[in-house]
There are 2 protein chains.
Amino acid sequence: MQYKIVIIGSGNVATHLAKHLQAAGHQIVQVYSKQKKNAILLAQEVGALYTDKIHEIFTEADLYLLAVRDYAIDDFILSLRLPEKVVAHTSGSVSLSGLENISKICGVFYPFQTFTNAIPVDFKTIPIFIQAENATAKRILTEVAQSISKLCQEISESQRQTLHLSAVFANNFTNHIFHIAQTILKKEKMPFEILFPLIKETVSKLMLQTPFESQTGPARRADWKTIDEHLRQLEAFPDYKEIYLILSESIMNSYHLEK
Amino acid sequence: MQYKIVIIGSGNVATHLAKHLQAAGHQIVQVYSKQKKNAILLAQEVGALYTDKIHEIFTEADLYLLAVRDYAIDDFILSLRLPEKVVAHTSGSVSLSGLENISKICGVFYPFQTFTNAIPVDFKTIPIFIQAENATAKRILTEVAQSISKLCQEISESQRQTLHLSAVFANNFTNHIFHIAQTILKKEKMPFEILFPLIKETVSKLMLQTPFESQTGPARRADWKTIDEHLRQLEAFPDYKEIYLILSESIMNSYHLEK
């Protein structure tokens, strides 16, 4: 079935969701954003109306997707009332229960991916996790998720929060470590691309064996001569030196090696 | 040209190198390993003789590749003498100069990849970095590298050591962080595979924009509410809690956010 949807938010998640929901045949009737300019831009792209005022949000849509930053969800919990409407937020960490102030027919619609506005995504392969206690909310959110993704799955609140935490490690922290590697290479005027074959192999191996089995390197061997040499090379980057030491010790702990 | 090569070592690097060098037409005349069983196994695979005694290493080969652990290289510097022969080690971090005790025609032959014995690799796409001051060593090592890889490149000692350090971040540390993510998911009985679309996207983005541009997540937004919640979830993993905090602070530092 095709639904009338209001998108609340105009950031990366809101934008990718709005475009893919529209492409799947749903009607985006309105885009809300506190940043009027962003609301207009996204609304134009998906053929919707826009508003930057919470009290102007249409009350006649079928589904309201709150794709705003976690800390902004509270504003809507305080001031938005849509009884009888399906309302869901898209956050990995915010609890579901607060949404009951907006509508009893509430849930979570959590697309599990890192979104950047400029980079298109294949939504079909992005897992969407649905959490809802209300049966109607669960049915409609699942249906909408399945209209844009092949990987739709029900999840509990604690699973969702654990998943979000694991994603901070698997995406945010690995990405930051790639940034560190790039910064270190710059010192010697070497291009980041030099690491691509190594990075691709690191990830390919994850499909074949556990990261625990794949681990190599000085910390895995408790090779303190090399570790000390690396710490010396990192003198110019005190942040990175600390990260190097703590991650090396954590690797040694994992294999019960002497630190 | 095809060379007679002695492989010193029987670990992951020695094994992959020996097999690919033989496949490229070189003759592996001997495999040395302190672990006699390993020397025999690898020697059989590549049609070579074997020894577990340094004084039994043939003196009539063209090239000697020291593919042993960093700390073991010193043993050979002390006891192996092969004047007039080309000798190279395969280490990212050990300096070249010590090898001059073995032969003046020395260099470094550094295949830039993470090797696991059980997993085959496509050597053609593995960068091999050559460092040599001696012209003959440079020529022969480059020729041998080009016989197995399309990506052969000359490098200075400080570049090689920086490259090795950056690889510890890009491979060892990201791999350990994937292990942490897997451990966290296990707590909620969720499979590691759930992270694969996210991990693939994290790496795909590296080809399109810098990791600095790609960064998202609570630390990037200095979202302490979520960070504190995650630290609370990590109470059962003190190691991981410390890593979470230090990496989050380092991300905030990168963007000059308030910690």
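The values are calculated or read from the model by the stated rules, or taken from the named source; none is laboratory data. Just so it is clear, the structure is predicted and the values come from calculations on it, not from any experiment. Here the Cβ positions follow ideal geometry from the backbone for every residue, glycine too, while neighbour counts run over all protein chains shown.
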Open item on the list: Being of a type in the set (Lys, Arg), over 29 Å from residue B:166 (Cα atoms) and without any contact (Cβ under 8 Å) to a residue 24 or more places away in the chain is the requirement here; does residue B:85 meet it?
Closed with: no
TODO: Report whether or not residue A:251 is modelled with pLDDT of 95 or more and out of contact with any Pro (no Cβ under 7 Å at 6 or more places or on another chain).
DONE: yes
TODO: Go over the candidates B:98, B:92 one by one and state the one that is within 14 Å of chain A (Cβ to nearest Cβ) and in contact with a Leu (Cβ under 8 Å, 6 or more places away or on another chain).
DONE: B:92
- [ ] Provide a single number: the residues in the range B:32-52 that are within 8 Å of residue B:10 (Cα to Cα) and either over 22 Å from the mean Cα position of the chain (by Cα) or among the aromatic types (Phe, Trp, Tyr) (or both).
- [x] 1
Task: Filtered residues of the range B:153-180 (kept if more than 7 Å from every other protein chain (Cβ to nearest Cβ) and touching a residue at least 40 places away in the same chain (Cβ under 8 Å)) - done: B:155, B:157, B:160, B:164
- [ ] Sort out which residues of the range A:29-66 are touching a Lys or Arg at 6+ places or on another chain (Cβ under 6 Å) and of a type in the set (Gly, Ala, Ser), and write them in order of number.
- [x] A:61
Task: Scan of the range B:56-90 for residues that are under 23 Å from residue B:153 (Cβ atoms), modelled with pLDDT of 95 or more and not β-branched (Val, Ile, Thr), ordered by number - done: B:62, B:63, B:64, B:65, B:66, B:67, B:88, B:89
- [ ] Look through the range A:124-140, keep the residues that are within 30 Å of residue B:210 (Cα to Cα) and over 13 Å from the mean Cα position of the chain (by Cα), and return whichever of them is surrounded by the fewest Cβ atoms within 10 Å (Cβ to Cβ).
- [x] A:124
- [ ] Working carefully through the options B:20, B:16, find the one that is within 14 Å of chain A (Cβ to nearest Cβ) and either modelled with pLDDT of 95 or more or closer than 19 Å to residue B:130 by Cβ (or both).
- [x] B:16
- [ ] Could you check how many residues of the range A:16-48 are out of contact with any Phe, Trp or Tyr (no Cβ under 8 Å at 6 or more places or on another chain) and within 21 Å of residue A:86 (Cβ to Cβ)?
- [x] 11
Open item on the list: Please go through the range A:141-177 and give me each residue that is in a loop (DSSP other than H, G, I, E, B) and either surrounded by 24 or more Cβ atoms within 10 Å (Cβ to Cβ) or out of contact with any helix residue (DSSP H, G or I) (no Cβ under 6 Å at 6 or more places or on another chain) (or both), ordered by number.
Closed with: A:151, A:155, A:156
